[in-house]
Every structure is written in C-alpha cells, then in structure tokens.
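Asker: Take this structure, written in structure tokens, and hold onto it; I'll ask about it next.
The values are calculated or read from the model by the stated rules, or taken from the named source; none is laboratory data. As the structure is a prediction and not an experimental result, all values here were calculated from the model. Because the Cβ atoms are built from the backbone with ideal geometry, glycine has one as well, and the counts that use them run over all protein chains shown. Only protein heavy atoms, including side chains, enter the accessible area calculation; ligands, DNA and RNA are left aside. Shrake-Rupley method; radii C 1.70, N 1.55, O 1.52, S 1.80 Å.
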Amino acid sequence: MTAQRQDATTITPSTETAKPLLEVKNLKKYFAVKSGVLQRTVGTIKAVDDVSFSIYPGETLGLVGESGCGKSTTGRTIIRLYEPTEGQIIFDGEDVSQQSERHLAHFRRNMQMVFQDPFSSLNPRKTVGTLLAEPFSVHGLFRGERQHRVDALMETVGLNPALKNRYPHEFSGGQRQRISIARALALRPKLIIGDEPVSALDVSIQSQVLNLMADLQDEFELTYLFIAHDLAVVKHISDRIGVMYLGNLVELTNKANLYREPLHPYTQALLSAVPKSHPNESRPDRVLLQGEIPSPANPPTGCVFNTRCPKAMDHCRQAKPTLIEHKPDHWIACHLYD
Amino acid sequence: MTLLDVKNLCTEFKSKRGVVRVVDDVSFSVERGETLAIVGESGSGKSMTSLSIMGLVPQPGGRIASGQILLEGSDLVSAPKEALYQIRGADIAMVFQEPMTSLNPVLTIGDQIAEVLIYHKHLSRSAARLESIELLKRVGFARAESLYDEYPHQLSGGMRQRVMIAIALSCNPKLLIADEPTTALDVTVQAQILDLLRRLSADYDSGILLITHDLGVVAELADQVVVMYAGQIVEQAAVADLFDYPQHPYTQGLMASVPRLDGDVKRLTSIAGNVPSPDALPRGCRFSTRCPHAQALCVEQAPELKPVRSGQSARCFLAEGRIFKEAS
C-alpha cells in the first residue's frame, strides 16, 4: 500500500502527463432564493462559484472548508445530484455536465457517493442484504448470484455476512458507515466521493473507517474525492488538498506544501485554529479570525475573504483574485501573490 | 473549600430489560479557577454525569441511585427542587452543545439574558437591559445594543453559542458546565469560543467542568482530565501527564486514533470493536473485549480505579502492575 500511496503524492497537475480521471472546469452552482406567495426569485446564493480542479487516477483529493463554503455542494454537483449552473464536469474524458438523466446510468456506476450521516442515508425498512443488493438490481446485474456478491461485499468491509438479514438500526454508527461504503463499492466504481464520511463517528471508530478506506483504495484502485471539515483527517487521507471559502477554491496543493507552507491567509488561519495536540504546545502564531463567514447570498465584492483577512489591501476589496500556479503544484487565489 | 466534589455517583435508567447503570461510581472534584475535562466517546456516560450534577437526569426512568454531589459542601442530590432552582443559573450554569435548540426562538436575545438577571439578581427591567448589553460586549459582540432586540434565528451558530455563554455568565457562576460547547461549530469559531472560555475562567475565577470527546479541546483548555468508558472512570490525571504518560490502554488507544496535524502516519492505530451496550457489559474489565493487552484476569475480574503514578489513577491491572504485557 505504501508504494502506491506515495506514487499518488507525486502526481501533480503541472508535471503529470497522465490523464485526469475527473476534471472540473469553472463549475458554478447557484441556488435561487425565492420568497412570497408567488415564489419570485429575490436573489441567488452562489454556493459554488467558478471552481476548477482535476483528480488523477488512484489519488485522494481532499476538499476542506467550514460550513457553507460549498464543499458538499461541489461534491453533489459533480455526481449530478444538483444540476450545475455552469461549467464542465469531465469524467474519464467525457463531459457529463450536460448529459440527460437517461445517459447518466453508466457514469453513475463509475462514480459513487458516501454520505455523512449513516443514520439517514440507509432506508430503515430494508435489511442490509436488500440494501446491498439494490445497486445490482438497479443496473440489472449479476442476476442469480447477487446474494453471493452481497456476502463478499460485507466481508470486504469487515462485516459478518451472517448479519445481512438485520436492519440498519441494529448496527452501530461505524458499522452503518461500513454498510454505506460497501454499497458505494458494489458496482466497482472508479471514483468515490465521500461527503464527511467519518465526521459523525467516534474517534476510535473514525480511525477504523479511515483505515478501511485506505485499504479499499489499494485493493480496488479507487480514486477518492474526500470532503471534510476536519483538517487533520483530511491531511491523513489526502494526497492533494483544496481549501474552499464561500464558494471559491482559494488554495490547491499537495499536502506537504499545504501543511508546511500554507500561502493563503485563510488557510493559515484555518490551520492555526486547529486545537493543539499537546497541552504544552504553544501557538504564538495563532490567528484568531474576527467575525463570521459572510452570507453566500451577498458575498463581498473583490476577494471573498477580504472582510476577515488580516492582510487585506485596498485592491482586495475591488478585484477578485484568480487561482494561479504560484509555485509548481501550488495554486493560490490571493492578491498577495500576484 | 472544594467547589464541586462528586462522590461515588451512580445514575440509573429503567429500561424494558431491567435497570441499566449508565454512570457507575464516579468521583472527582473541581476547584475554583480550575478546568476539569471529562473525555469519552458516545455511551461513556460523560453527558449523563453532567446532567446528574445539574439535576437534569431525564425523567421518567432516570434517577441518581446513590452518591453525593457537593457544591461547596452542600449536597445537591438530597436538596429539594426549589433549592435547585436557586442554584441552577446562579451558582452553576450550563452551556450545551446545540445552541440552536437551547435558545427560545420566540424571545429576543436580550429578553433571554435579562430573564436570568431578573429572576436571580432581582434587577429591574431597565437595569437588566444595561447589564445584558454589558455581558454581550464581554463575550465579544461589537454591536451589543442592536443585538439585544434580535431573535436567535438571525444569528449564526457561533454567535448563538456566545449568547449562551453570556447567559451562563450572567450571575457570575461558581461553576460552569460546558457540555461539548464547540462540537457543532467550525474550527475558526471554535478557536474564538475556547479563547473566550479561557479568559472567562481567569477573570471570574470560576471552575469549569468541560465535557468533550475531542482531545484537542482537552489540550487547549483542561487542567485535570477524567477519561470515561462504559459508565466508569478509567483514568484520571493532570492534563500534561495524561498526554505524556497515558496509563490505561483505552486512553492510549484514543490518543493514537486521532490523526494529527504534526506528524504523518501511513496507518492510524484504531481500537477494535465497539463500545459495549450498558445492558450487556463484559463481566471483568469493561474494556477487556477491545483491549490489545487483555488477559485471563481482565476477563474474570473487574479492576478498580487505583493510583498508578503520582497524581494519576487508572482502572487497569496492567497499569497497576498485577499483570504484564505478553511478549508478542
């Protein structure tokens, strides 16, 4: 496992010649704010505003940010749970952003999602065996050998197949998340999008699930888009990491760069706000951000972070910075580095 | 005099399958100006311990079966309800995890702070208003006057939690119980709230009982730490000792399970299995079903909480020196 994961870290957008598995180009997702009896549109929420990145085969790209930054919306728009407002989603060389629902079936076999809440993402009235066989019946696969496949899936994620006639409520949170992962894995997808897959779990269970995800990545050559708010978890599992703030990708680089030398003032603040790991550790450089994240319905003009940025300049209030490659494999959207 | 002294607290629930003891013989004390953290995962009994101290064990079904909770020497368990009304909010205040549900949505922010001041400090409405605004400023609101007339839904999660802290501080409590105060918050907002709690315990000389699952929050705020597992205290130590020399295999496992920003491991250590259900606890040590070092003695006998290092206790035969790690 070690060798493969290290390979993945060396994959970079600037030096890599391999084709990305997923390319997201200028993705936008706006939601209309409706009000009144007539449900007139009174505004737009720019949940995802012009985000671009690529994911290469076998790597894990982490997306971090605080609530409301658009990381989950990005994940859901990529898998077409939300219709993109603008932009392209190129999966395996094919633009899937405009495809009709009917043509999406094949694409969805190759891209699966694991959600945060293992309590609400599994139908409580179906047994685990039924839940795990569902992907096969939806796609009309493996008729006659589905039960055998379900057993194998349960074993793969470390659950006893003898429990397949039980219902989700009979399992603990960690076991339920294993069921969700098994279901995502059923159709042997190429890409799995995990939307906060471990944040509802206790820490001792969280590490079991993170280890499982790493093992499965090696065994099935999976590519992950891992969305989470916990910087330490994202650091652990990811090869490259994108930081989002208010619908924008503000920094994108490999994990060594991001944690050793964060460039964006928001990334710096975010990292310094993480609680220390030992009581005697001192944090002289801690940046306490003032105020709150502005509403995405009414984002600031210029750089979206300028209202809270300790280094904001006049220019930041006027012009929005674009994501540029400041150093090899280190992309940043900030006027300090223009 | 010790501010809070919890002695042999046992809290039980009646269920269909009989009586379940969710807090089992828990003892600890908190001094003024000190922060004691209770750490544990879901089902460890940490929240039920804090609810027992507040006299808020869910009814019907739940009750404090035995033990004492002494606030400056007077027992809260045997105190009549009316006396508790006077103590809660004035001497002991509580901040809960969910600032969405703990504020009343139909009252303004100001009314909810003023209510406490009028009830406990017998202030007039206008005096309460002035003091409420002062409190809002103290928890970091720049525009406290206009906030006074706003409603909870107009505020973000972090702002609501600061309002909760303002309410908790309104009567200058001797003890602040903070049950997962930052769990629902983003990391930059969490840093603001932890900073606020730290300054307030210094300014008011209050004791803080912090309930959390997050070892990072413990490292930030605590002086003393109690680790709970399946209703029992398994380890108790000063914060630096706990991080440097964790004695109980559960504490050790918990520390190793957390991914860290400093340092990079290929694989996380994890604790196998799940927390046992309170109505089906193992006969011997409650951690024996998941413990990497468990031996025959651990399965048969339940260890007691014993001093193992200076100022540090653990509930473990291994830490006690009664058994030794088997060569692997």
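Asker: Among the residues of region A:306-338, write down those that are surrounded by 16 or more Cβ atoms within 10 Å (Cβ to Cβ) and in contact with a His (Cβ under 8 Å, 6 or more places away or on another chain).
Answerer: Within region A:306-338, A:Cys316, A:Pro321, A:Ile332, A:Ala333, A:Cys334, A:His335 qualify.
Asker: Further, regarding this structure: Show me the helices (runs of 4 or more DSSP H) found entirely inside region B:189-287 where at least 1 residues are surrounded by fewer than 19 Cβ atoms within 10 Å (Cβ to Cβ).
Answerer: Correct list: B:239-244, B:249-257.
Asker: Look at region A:207-225 and say how many of its residues are over 23 Å from A:Ala152 (Cβ atoms) and more than 7 Å from chain B (Cβ to nearest Cβ).
Answerer: 1
Asker: Same structure, new question: Cβ-Cβ distance below 8 Å, separation of 6 or more or different chains: which pairs start in region B:204-232 with a residue that is closer than 16 Å to A:Arg283 by Cβ and facing chain A (nearest Cβ under 8 Å) and end on one that is outside any helix (DSSP H, G or I) and among the charged types (D, E, K, R)?
Answerer: B:Gly216/A:Lys276; B:Ala219/A:Lys276; B:Ala219/A:Glu281; B:Glu220/A:Lys276
Asker: If you take the residues of region B:169-182 that are more than 15 Å from the chain's Cα centre (by Cα) and touching a residue at least 40 places away in the same chain (Cβ under 8 Å), which of them is farthest from the other protein chains (Cβ to nearest Cβ)?
Answerer: Restricting to residues being more than 15 Å from the chain's Cα centre (by Cα) and touching a residue at least 40 places away in the same chain (Cβ under 8 Å), the top hit is B:Cys171.
Asker: Do we have any residue at all in region B:292-303 that's under 28 Å from A:Asp230 (Cβ atoms) and assigned to a loop (DSSP other than H, G, I, E, B)?
Answerer: The answer is yes; a qualifying residue exists.
Asker: Name the residue that is surrounded by the most Cβ atoms within 10 Å (Cβ to Cβ), counting only residues in region B:28-54 that are touching an Asp or Glu at 6+ places or on another chain (Cβ under 8 Å) and more than 19 Å from B:Met94 (Cβ to Cβ).
Answerer: Only one residue tops the list, namely B:Glu41.
Asker: Just one of the numbered conditions (1) part of a strand (DSSP E or B); (2) open to solvent by 10 Å² or more (accessible area, probe 1.4 Å) is not true of A:Val24; which one?
Answerer: (2)
Asker: OK, next. Looking at B:Asp5, B:Asp25 in this structure, which one is at positive phi and of a type outside the set (Gly, Ala, Ser)?
Answerer: On the way: B:Asp5 fails: at positive phi.
From the options B:Asp5, B:Asp25, the qualifying one is B:Asp25.
Asker: Would you point out the residue of region A:265-279, among those that are more than 15 Å from A:Tyr245 (Cα to Cα) and of a type in the set (Ser, Thr, Tyr), that is most open to solvent (accessible area, probe 1.4 Å)?
Answerer: A:Ser277
Asker: Scan region A:33-84 for residues that are assigned to a strand (DSSP E or B) and within 14 Å of chain B (Cβ to nearest Cβ) and jot them down.
Answerer: Hits for region A:33-84 are A:Thr60, A:Gly62, A:Val64.
Asker: Name the pairs: first residue in region A:156-173 and within 14 Å of chain B (Cβ to nearest Cβ) and under 17 Å from A:Leu201 (Cβ atoms), second residue open to solvent by less than 30 Å² (accessible area, probe 1.4 Å) and of a type in the set (S, T, N, Q), Cβ to Cβ under 9 Å, at least 6 apart or on different chains?
Answerer: Listed pairs, sorted by first residue: A:Gly158/A:Gln208.
Asker: What's the number of the condition A:Thr322 fails, among (1) β-branched (Val, Ile, Thr); (2) under 28 Å from B:Ala219 (Cβ atoms); (3) more than 14 Å from chain B (Cβ to nearest Cβ)?
Answerer: All conditions are met except number (2).
Asker: Quick one: in region B:240-266, which of the residues that are within 7 Å of chain A (Cβ to nearest Cβ) and in contact with a Leu (Cβ under 9 Å, 6 or more places away or on another chain) is farthest from B:Phe324 (Cα to Cα)? Lay out the reasoning, then the answer.
Answerer: Step one: filter region B:240-266 for residues within 7 Å of chain A (Cβ to nearest Cβ), giving B:240, B:243, B:253-254, B:257-262, B:266.
Applying the additional criterion that residues be in contact with a Leu (Cβ under 9 Å, 6 or more places away or on another chain) yields B:243, B:254, B:257-259, B:261.
Values: B:Phe243: 22, B:Leu254: 21, B:Ser257: 23, B:Val258: 26, B:Pro259: 29, B:Leu261: 33 Å.
Among those that are within 7 Å of chain A (Cβ to nearest Cβ) and in contact with a Leu (Cβ under 9 Å, 6 or more places away or on another chain), it is B:Leu261.
Asker: Considering (1) modelled with pLDDT under 95; (2) open to solvent by 40 Å² or more (accessible area, probe 1.4 Å), say which one B:Asp25 fails and leave the rest.
Answerer: (1)
Matching residues to (1) small (Gly, Ala, Ser); (2) touching a strand residue (DSSP E or B) at 6+ places or on another chain (Cβ under 9 Å); (3) over 17 Å from A:Thr223 (Cα atoms):
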position: A:Glu101; (1), (2), (3): no, no, yes
position: A:Asn110; (1), (2), (3): no, yes, no
position: A:Gln116; (1), (2), (3): no, yes, yes
position: A:Val138; (1), (2), (3): no, no, yes
position: A:Glu145; (1), (2), (3): no, no, yes
position: A:Glu155; (1), (2), (3): no, no, yes
position: A:Leu187; (1), (2), (3): no, yes, no
position: A:Gly194; (1), (2), (3): yes, yes, no
position: A:Ile205; (1), (2), (3): no, no, yes
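Asker: Kindly provide the set of residues from region B:183-193 that are facing another protein chain (nearest Cβ under 7 Å) and either of a type in the set (A, V, I, L, M) or in contact with a helix residue (DSSP H, G or I) (Cβ under 6 Å, 6 or more places away or on another chain) (or both), ordered by number.
Answerer: B:Val187, B:Thr188, B:Ala191
Asker: Another one. Just to be sure I understand, how many residues within region B:64-83 are more than 15 Å from B:Asn8 (Cβ to Cβ), within 22 Å of the chain's Cα centre (by Cα) and surrounded by fewer than 15 Cβ atoms within 10 Å (Cβ to Cβ)?
Answerer: 3
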